[in-house]
Each structure stands twice: as structure tokens, then as C-alpha cells.
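Report on one structure; see the data block that follows.
The values are calculated or read from the model by the stated rules, or taken from the named source; none is laboratory data. All of these numbers come straight from a predicted model, not from anything done at the bench. Cβ placement follows ideal geometry from the backbone for every residue including glycine, while neighbour counts extend to all protein chains displayed. Ligands, DNA and RNA are excluded from the accessible area calculation, which covers all protein heavy atoms including side chains. Shrake-Rupley method; radii C 1.70, N 1.55, O 1.52, S 1.80 Å.
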Amino acid sequence: MWDKRIKASVLVVVVGASAFLPILPVAHGQGAKTFIRYSEQGAVGDGIADDMDAIVKTHAAANAAGLPVRADAGATYYIGAANKTAQIQTDTDWGDARFIIDDAKVEVANHGHTYHVFNISSKLPSVKITTVATLGKNQGKLDVSLPHDSFVVVTDNTTLRYIRYGANQNKGTAQTDVFAVDKDGNVDPRTPIIWDFGTISSMTAHPIDPETLTVKGGHFTTIANQAESKYTYYARGININRSTVLIDGIVHAVTGELDHGAPYGGFISISTCANVTVQNCTLSGHKIYSTIGSANVPVSMGTYDISVNKSANVTFKNCKQLNDIHDGKWWGIMGSNYSKNITLDTVAFSRFDAHMGVANATIRNSVLGHMGINLIGSGVFLVENTKVCNANFINLRSDYGSTFEGEIIIRNCEYVPRNGRPSDAVLISGSYSGQHDFGYTCYLPRKITIDGLVIHDSNSPKDYPGPKIFASFNPAHTNEDYVEKYPCVITEEVVISNLTIKSGKPYRISSNPFMFRNVKVRE
């Protein structure tokens, strides 16, 4: 167990939900410089006493008074197992304060693992849209009038998409789309509608706040959970479901991981919102645990410090990973679903990942480690001035059909297969049998542009024939006799310029040239 000395030296944050009556704040300074400290509502800050009640009360009082919150300088706040969440609706400065989030004491039986420590939320109400009966792909306007520019989430429960294949197979999820609109219903062209909706089960407009809410500072340490190794995702971190938010300078460490434990859904979790920037932050990969998947075979459980779900215009800038991005004992730091316009700019992460689709994404000025780039989606995917150290430069996720309906651009990048260990070199990896219904037509990128790429493949196996643009995708599909029950739409064109291959060996289209026989390659 963790003694008092360990508690005082470790740092953590937790989010949960709880309602409190407004408490009269003590104001500091004058005018717009007034703020509330956690100690004013009873926080001890010694790393031993549980300060969660005081933290919740402080933010409730600040929200009621419209005042910012500041942590007490030099304080260490211990957060235990209480099922509570502090609602942040005003600017918050954690400064040099430390937070210890003790997940070792959380009880799964009473759902304590599902409570975020902090939830950044809007004071503006969401609006149910009931007057729109259908939507069309790339539709430019909704016939609605809204009180605010809004972020819309729409679902059709009668249509299933993302019918997952493999060890974590499932029966799919309801068709879902997200997009931004102005008050008059004009769809932001950066967040296009990507599905046709003949039926709408639900549609909600979440307000896009005009003013930026800033949360900065703070050093958090999570004492890892000791739960059974199964898909009981822990949420205890910072959840963001308000639009127009800046997260700046947060550090998150993890300690106390054992040989078993439940996975994490994301210390920074962004959901159902738009226009969020996370900058100057240091985050952590989590230890990998295994369980039995839905296909009754062992699987490694995804566990994350970053999650982006049903969100748009999300940027991670000047962020890094606290542990080694090339060490395979840590799971890839990021996962995302149903999102648009995700940008990584000047980051050092073990992975970029889009599970159930990203529409338009950019990675620039960055380094990606042992899990590299995992992708499905649509639109334009740009990788620029970036080094990728995975086995493949881009892996199109086979469990979702290795599909990307759009264009991939690789510009001024470096590819170091397996971080320099002997390895094959494949730019676009994936697999597709054509025998599984994923709930949509699968596409390989319509066009791939390579404009400046260095492949560091000198340390290659003896029988290495040179790099390949595409993996074989389906080794059985080598002639006209093979029938795809669900045909994949193959790439039309690959344009290559300024390609440097350190081994000196020529590139090939694929080890399965038949599948890619109609691809036009231009240099």
C-alpha cells in the first residue's frame, strides 16, 4: 500500500460528477483578477488528506460566481476513491500544484472507475433537433435556426457501420456523424457530412462557446488501478466536452502498475465538442495487459492517455510522452473515433490512431514511435516533416477494412522501419479478404502523393528485396479467379518525387502485384 511519504510525492487528477449548492467565494485581487483557491473550501493540500470534496466545492462556487480557480502554490492534492466529478466552467490555473489520483482504491463494483476527476463543460444548453428528417452526404445546410453556432451529433440506429473483424469482432455500431454548423444551419465545409441519413434516430446541437476556456499547469500522478485485466475502462482524468478549450502545460505520470490491471480510456478525454487545443503537455503510455477478446482468443487491451471521440478541430501541439515512445511495453498513447480534423503538430508520441474513422487529419513536425500511424477514414491525410519508426509508415487498420476514402500525402518525411532493427519496409500496410461486411464499401486511398521521403532501410534482412508501396493486402487474390464478396476500391494513382532509399534497392508496387495492376505510378 502507499504510505504517507509516497502519497506526498506523487501527483494525480480525477474527474467525476456531483452537484453542490453554490458557496460564497473569497475574492482575491481586484476586478477581473479575482479568483478562488481550493484551500478556501477546505482543501489541505498535504498529499495525505482526501481533497476531492473541497475541489468539487471550489469549482461549484467558481462556476456560480463566474470566477477563475487557482491551485494553492506548492500544494499536493490527494484524490481518493469518491464517486465525484469537479465541473470546470471557468478558467483554471493549477500552477505548480501536484495531484495524486489513487486508482488503486477505486471500487469497480460501485462504478467508481467511470467518474472523471474533472469535467470541462459549457454553461450553454444543448438543443435537440427534431425537425430534420433526413441528411445527405456532403449536404451544405440544415433547415434549422439555432441559438448558437453548434457542434451536431447525429445517429441512425437502423444502420450499422464499423462491423469489426478479428479478435475484437463485434456486430457494428449505429451510424454516427458529427459536424459544425452556424446559427443558420450552414455546415462548416471543414467538417463535411460523410454519410447519408435516410433515418435519424437522434440529433443534438451542442453549443460552440465563443470564448476560450483555459486550463493550465498542474502535475498529475495516477496510482494505477489493480483491477482484473478485462475491458473495464477507467475514466479518471480530465474530460472535455465543452467547445473552444485550451489545455496548456499539464504533466501526467503513472506509477504503481502491476502485472495485471484494467485499461484506461484516456487521462485527457475529448468528446462531443469542437475547437480544442492541447499544448505543451507531457503525457504517459500505459502498461499493456491482455484479456480474452470477443472471439475467445487472447488480445492485448488498448489503453490510452489521450482519447478523441465525436469531436472536430482538435490539435495537439508541442506535446511529448513521458516514457519511451519506442518501448513496446507501453501501449500506444492515443485513440480516436468518429472525429474530424485532428492535428498533431510538433509531438513525440508512440502512436496516432483512428479507430472508427477520422475525416481529415494532419501530422507535422513530429516523431511517432513503435506503434506508428494507424488509420481508417476519409478526406485528406497529410504527414509532413515527420519521422515514423513503426514497421510500416502507415497501417490501414484491417479490423475495420483497411479503408481510407480519399487522399494520402507524404511530404518531407523519414521512415525508419522498426526504429532501425532489421525489417521489411512497407509504406501502406493493411489486409483485406473481401469476405467480411464492414457495413460500408472499403477503399484504398484514391491517390497517394510522396513528395520527399527518406527510407532508412540499410539495416535490412539478407533477402530484403527493397521497399514496397503497398503490403500484399490479400495473398490469395493473385488472379481473376478470386472473388471478393465485398469488393475493395483500389488506389488509382501514386505520384512519387524526391524519394531516397538508403539500401539502394528499387521500390516495388507490392509483393502482390496483381491486386495493384491498375494503379498508375508516376515519378
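Please enumerate the residues belonging to the range 297-332 that are in a loop (DSSP other than H, G, I, E, B), over 21 Å from Gly420 (Cβ atoms) and either open to solvent by less than 20 Å² (accessible area, probe 1.4 Å) or among the acidic types (Asp, Glu) (or both).
Within the range 297-332, Met301, Gly302, Thr303 qualify.
Looking at Asn459, Asn498, can you tell me which residue is modelled with pLDDT under 95 and closer than 24 Å to Asn385 by Cα?
Asn459
Within the range 369-395, how many residues turn out to be within 15 Å of Gly335 (Cα to Cα), of a type in the set (A, V, I, L, M) and open to solvent by 20 Å² or more (accessible area, probe 1.4 Å)?
1
Would you list the strands (runs of 3 or more DSSP E) that sit entirely within the range 365-460 and hold 2 or more residues that are over 18 Å from the mean Cα position of the chain (by Cα)?
Of the strands (runs of 3 or more DSSP E) lying wholly inside the range 365-460, those with at least 2 residues that are over 18 Å from the mean Cα position of the chain (by Cα) span 392-396, 404-415, 426-429, 447-455.
Go through (1) part of a loop (DSSP other than H, G, I, E, B); (2) open to solvent by 50 Å² or more (accessible area, probe 1.4 Å) for Asn157 and report which single condition fails.
Going through (1) part of a loop (DSSP other than H, G, I, E, B); (2) open to solvent by 50 Å² or more (accessible area, probe 1.4 Å) one by one, Asn157 breaks only (1).
Would you check which residues across the range 95-145 are of a type in the set (A, V, I, L, M) and in contact with a Gly (Cβ under 7 Å, 6 or more places away or on another chain) and list them?
Selection gives Ala97, Ile100, Ala104, Val106, Val117, Leu142, Val144.
Quick check, is Val69 at pLDDT below 95 and either out of contact with any Cys (no Cβ under 8 Å at 6 or more places or on another chain) or more than 18 Å from Asn119 (Cβ to Cβ) (or both)?
no
Out of all the residues in the range 33-59, which are within 19 Å of Leu213 (Cβ to Cβ) and surrounded by 22 or more Cβ atoms within 10 Å (Cβ to Cβ)?
Passing the criteria: Ile36, Tyr38, Ile55, Val56, Thr58, His59.
From Leu246, Leu258, grab the single residue that is open to solvent by 20 Å² or more (accessible area, probe 1.4 Å), outside any loop (DSSP other than H, G, I, E, B) and either touching a Gly at 6+ places or on another chain (Cβ under 8 Å) or of a type outside the set (Ser, Thr, Tyr) (or both).
Leu246 is the lone residue from the list that is open to solvent by 20 Å² or more (accessible area, probe 1.4 Å), outside any loop (DSSP other than H, G, I, E, B) and either touching a Gly at 6+ places or on another chain (Cβ under 8 Å) or of a type outside the set (Ser, Thr, Tyr) (or both).
In contact (Cβ under 8 Å) with a residue 12 or more places away in the chain, surrounded by 14 or more Cβ atoms within 10 Å (Cβ to Cβ) and within 29 Å of Gly166 (Cβ to Cβ): which single residue out of Asn518, Asn459, Asn474, Asn412 fits that description?
None of the other options fit; the residue is Asn474.
Look through Ser122, Ser145, Ser201, Ser126 and report the one residue that is open to solvent by 50 Å² or more (accessible area, probe 1.4 Å) and touching a His at 6+ places or on another chain (Cβ under 9 Å).
Within the list Ser122, Ser145, Ser201, Ser126, the selection yields Ser126.
Take Thr131 and decide whether it is touching a Pro at 6+ places or on another chain (Cβ under 7 Å) and modelled with pLDDT of 95 or more.
no
Scan the range 327-351 and report the pairs whose first residue is on the phi > 0 side of the Ramachandran plot and whose second residue is not in a strand (DSSP E or B), with Cβ atoms within less than 6 Å and a gap of 6+ or a chain change.
Hits for this filter: Tyr338/Met356; Asn341/Arg190; Thr346/Asn365.
Within the range 479-515, how many residues are open to solvent by less than 70 Å² (accessible area, probe 1.4 Å), hydroxyl-bearing (Ser, Thr, Tyr) and farther than 22 Å from Ser423 by Cβ?
Counting residues in the range 479-515 that are open to solvent by less than 70 Å² (accessible area, probe 1.4 Å), hydroxyl-bearing (Ser, Thr, Tyr) and farther than 22 Å from Ser423 by Cβ gives 3.
Scanning for something closer than 17 Å to Asp103 by Cα, crowded, with 16+ Cβ neighbours inside 10 Å, of a type in the set (Val, Ile, Thr) and at pLDDT 95 or above, does the range 78-86 turn up at least one residue?
Yes, the range 78-86 has at least one match.
Looking only at the range 97-112, decide whether some residue is part of a strand (DSSP E or B), open to solvent by 70 Å² or more (accessible area, probe 1.4 Å) and farther than 23 Å from Ile247 by Cα.
Among the residues of the range 97-112, not one is part of a strand (DSSP E or B), open to solvent by 70 Å² or more (accessible area, probe 1.4 Å) and farther than 23 Å from Ile247 by Cα, which makes the answer no.
Name the residues in the range 261-296 that are open to solvent by less than 10 Å² (accessible area, probe 1.4 Å), of a type outside the set (Val, Ile, Thr) and free of Cβ contacts under 8 Å to residues at least 40 places away in the same chain, would you?
Of everything in the range 261-296, those that are open to solvent by less than 10 Å² (accessible area, probe 1.4 Å), of a type outside the set (Val, Ile, Thr) and free of Cβ contacts under 8 Å to residues at least 40 places away in the same chain turn out to be Gly261, Cys281.
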